[in-house]
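The values are calculated or read from the model by the stated rules, or taken from the named source; none is laboratory data. Here the structure is a predicted model, which is why all the values come from computation and not from measurement. Heads up, the Cβs are rebuilt from the backbone with ideal geometry, glycines too, and the neighbour counts pull from every protein chain shown. Quick note on the areas: whole protein, heavy atoms, side chains included, nothing else; ligands and nucleic acids left out. Shrake-Rupley method; radii C 1.70, N 1.55, O 1.52, S 1.80 Å.
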Amino acid sequence: MIGYEPSKSLPTPTTFEFPFPPYQIQQDFMTNLYSVLENKQIGIFESPTGTGKSLSLTCGALKWLCDHEQLVNQQLSEDIDRLTEKIREEEKSNEVNWLDSQHEVILKKESLVNLRKILERLTVHEKEMVAIRDRRAKKSKVKYKNAKPNESTKAEDDGGEKDEADEFLIENYDDRGEEEDDETDEKKYPGVQIFFCSRTHSQLTQVVNAIKSTVYGKSIRVVSLASRQNYCINDSVRKLNSNSLINDRCLELQKQTTSQPTQISDGRATKKKKTEPARCGFYSRQTIENLRDESLADIMDIEDLVKESKLEKGCPYYSSRLAAKDAHVVMIPYQMLLHKRTRQQSGLNLTNSIVIIDEAHNLVDSLTSVYSAELTLVQLQAARDQLNAYKTKYSLRFSAKNLLKINQLIFVTKQLVKLLSSDTAKSSTRMVSGYDLMVEADFFNIKVNDILDFCEKTRLSQKVQGFSQKFGTNIVPTVVPTPKTDAKSFLKQLADKKLNKTQPKVDDKTSEITAELPKIGDPILSSSLRLLLKFLECLVENIDDGRVLLSYNTNANAKTKSSMKYVLLNPSGHFNDILKECRSVIVAGGTMQPISEFKNQLFASHSDRVRDFSFSHVVPKENVLPLVVSSGPSNTKFSFNFANRLNKEMLKDLSSTLRNVCNVVPGGVVCFFSSYDYLETFYSFLEEVKGLDDIKKKKQIFKEPRLSGQVEKMLSDYAAATRNKSSSGAILFSVVGGKLSEGMNFSDDLARCVIVIGMPYPNKNSPELVEKMAYLDRKFGSGSGAEYYENICLKSVNQCIGRAVRHINDYASVLLVDERYSQRKIIEKLPTWISNSLQCAGGFGAVQSSLVKFFKSKRT
């Protein structure tokens, strides 16, 4: 509650309105979640897939929210009554120290006024919400009877087309700060909001449906936010494909334009300029407010709101943003939460809110990705040429400020091109700080933040992208001369026209470089300026937070392959903004181990608020058989490190191990290798020693394809083979970190056994990894970098393990094939439901015996 926090604490309840009797781990999950929220803490929750994690999250959080609102209303009334009575008593009393007494009364009266304002806001807001629901309940559906939601949604008043040149001209830049809207807080829902975040919109839709299935769905207001690309229903805008172009066109169509065409004189004749497009037909205040009421009255996901918007002929993008201010729960994707500028542009106010991040196992990597940027030399050259062409076209029409900022941006771009084009580089890669890069490129004295502010306010990147796609970079300057009637001027005009026909005026340097570049219509090159601005945005962050990796290629095509990449080293710097604003933050996932990574890299400055919970699986212990396989049937030690992984004896024993496993395990076996290259190496070895033929006698063999387009058919064929009663199943060779290691559901016969071969450590000589490890050693002490290196490996392994055992009646074995898995420090970083029952068998005979007993018990 803004401006008010109850002094009383909520007792932890025993029931949470779960839609069915909860398992004990679900009850424990909700109980601990409730406590974390009440105490304004940071919670790390690990609950395996299949345990109802999302439903536990929503029921636990919504139960707390409802109880909190009830407590606020109750205690506000009590505090007002108590304060009123106290003031009355003190005014009647005859204190000796009258002055002090009156001062106390005045302070109490001020507090009373504030409390009454808060209560009034609450009451008024609640009445508004009740009125919205009543209107929705009474609304007749008859008008929708003949509606066709799938019909064309082109706005009726799109109007004529713009002049081709003026369409991309930026407006004059005003560098004064924008006035803040004092009414923002007054219009916002006055209670605690929950921002529920996940990686994809489909995952958020599942959570929305989960809320609908509970009793909370009848009273809780839920709104889903998404980009214009997801929400736009204007056909003429949606067809632009590019998100940046859709954003730009949307903003353009909001502007009021005159219907009268302007006239332009070229010195000889007068011609009419085409009228600009009218406002978007879906951008109507009334319909947007109607849609807001609809989405607050009924819980809708993105698809529901789009469908409703087509019926109402209103904009779902702006109605959802308007509705979010009054929602109890706001559903948002990762990018919208984690990126500060996107958060601000979306109007998200996290003050005193609760943030729940589901599927958070990759949260650190996602933060690093959001605040990292890479530019190739070709993209830099394209950005430079696009800016030059844009400036050439409009230079005579720019204001002084616009021209100055564009010139500065062109200078910065040229300097970066020069730095990356340098033939004097002594090594293929080198790492520098952001400031060192600016010094070396000689633009350290330019205020890059001012350039970025200019680009954002004028939407320069969108304008230049659209301009480049339409006109390219070979541009003749457009001049609008003042008409002259004297003979000398007339003869000069004729001479200029003749010259323009034979030799157009083009910047020599620009045309020379453009000839060497790929076609500028290429989507990657047309958005080069946007990528450049993202790189500059990263560059001006805290100097110690990141480094720039400069990569030079020494072969003949070096200039087309050189690149610069900003690498974020300290993601906590960006996440701290969220932690400071929010009341409480919850991160949850099926495999959150190793939890130490979250504590060290995200929550180190708030360690006193952090609580972590790791829950067991709903599946009974006897339904999971995790084993460390340290050696094969020939007693060859399994250690798939870089030096030993091509050992022929070890590969031969691995082949024998897989053959024996296939003889025992029914249904499907999913086998994960450390990389595509190593999978191919082992597969070739199997072909060479006829190992494939031995495996095929028991199971059909499938291999994860490198191309995404081939995955769906392969999975379909694999599923059919595992369920074929006339065969003994199939084996799938897959890759750790590949297309099948995350988000896939290998339940039941699809994976009666999951095998992870080796430990998928990344390349320790990678410049980025070396710099990250060195940074962690400096910040957290020696050994922190090595632990991070180990955590990268174990996170990938844990994701692979989580593909099997997806519901309470499922069962499977998990084989970790490498002797290093028996180390205590490794076992501690595995999921709790695995580490608690992991068996480190002495030899392969013990492994085989355990597998036989396990699957024999499941047949009875």
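General observations
- Simple spin-label estimate for Ala137 and Asn449 gives 5.2 nm between the two label positions (7 Å along the Cα-to-Cβ direction from each Cα).
- Radius 10 Å from Cβ of His328, net charge of other residues (Lys, Arg +1; Asp, Glu -1): -1
- Nearest-0.05 FRET efficiency for Asn553 and Asp436, computed from C-beta distance (R0 22 Å): 0.55
- Length available on full extension from Glu120 to Gln102: 0.36 nm per residue minus the Cα-Cα distance, which gives 3.8 nm.
- Note, ³J(HN,Hα) from phi for segment 712-720, Karplus 6.51, -1.76, 1.60, rounded to Hz, x at Gly and Pro: 4, 5, 4, 5, 5, 5, 5, 4, 5
- Stretching the chain fully between Lys637 and Lys86 yields a gain of 190.3 nm (0.36 nm per residue, less the alpha carbon separation).
- Each label point was placed 7 Å from the Cα along the Cα-to-Cβ direction; for Arg706 and Val130 their separation is 6.6 nm.
- Computed on the Cα atoms alone, the convex hull of segment 636-751 gives a volume of 104 cubic angstrom per residue.
- Our coupling estimate for segment 597-602, obtained by passing each phi through the Karplus curve with A = 6.51, B = -1.76, C = 1.60 and θ = phi - 60°, is 5, 5, 5, 7, 9, 10 Hz, Gly and Pro reported as x.
- Reciprocal mean inverse distance between Cα atoms of segment 730-860 - Kirkwood radius, Å: 16.5
- Modelled this way, with points 7 Å down the Cα-to-C-beta line, the labels at Lys418 and Glu828 are 5.4 nm from one another.
- Close amide H pairs (under 5 Å, H built 1.01 Å from N) link Asp612 with Ile44, residues at least 5 positions away or on another chain.
- FRET efficiency for the Lys307 to Ala720 pair, using the beta carbon distance and R₀ = 56 Å, is estimated at 0.95.
- Its residue count N fixes a reference of 2.2 N^0.38 Å for segment 530-677, and the Cα radius of gyration divided by that reference is 1.61.
- If R0 is taken as 41 Å, the Cβ-Cβ distance between Glu680 and Phe411 corresponds to a FRET efficiency of 0.30.
- Extended-chain gain in nm, criterion 0.36 nm per residue less alpha-carbon gap, Asp608 and Gln203: 142.7 nm
- Using C-alpha pairs under 8 Å with a sequence gap of at least 6, the mean separation divided by the residue count of segment 1-141 gives a relative contact order of 25 percent.
- Between amide H atoms placed 1.01 Å from N, distances below 5 Å from Asn745 occur with no residue 5 or more places distant or on a separate chain.
- Electrostatic bookkeeping for Asn570 treats Lys and Arg as +1 and Asp and Glu as -1; over the other residues with beta carbon under 15 Å from its beta carbon, the sum is -3.
- Close amide H pairs (under 5 Å, H built 1.01 Å from N) link Gln839 with Leu627, Val628, residues at least 5 positions away or on another chain.
- According to the Kirkwood relation over distinct C-alpha pairs, the hydrodynamic radius of segment 804-860 is 12.8 Å.
- Net charge of neighbours whose Cβ lies under 12 Å from the Cβ of Thr413, counting Lys and Arg as +1 and Asp and Glu as -1: +3
- Take Thr58: with every protein chain present and a 1.4 Å probe, its accessible area is about 10 Å².
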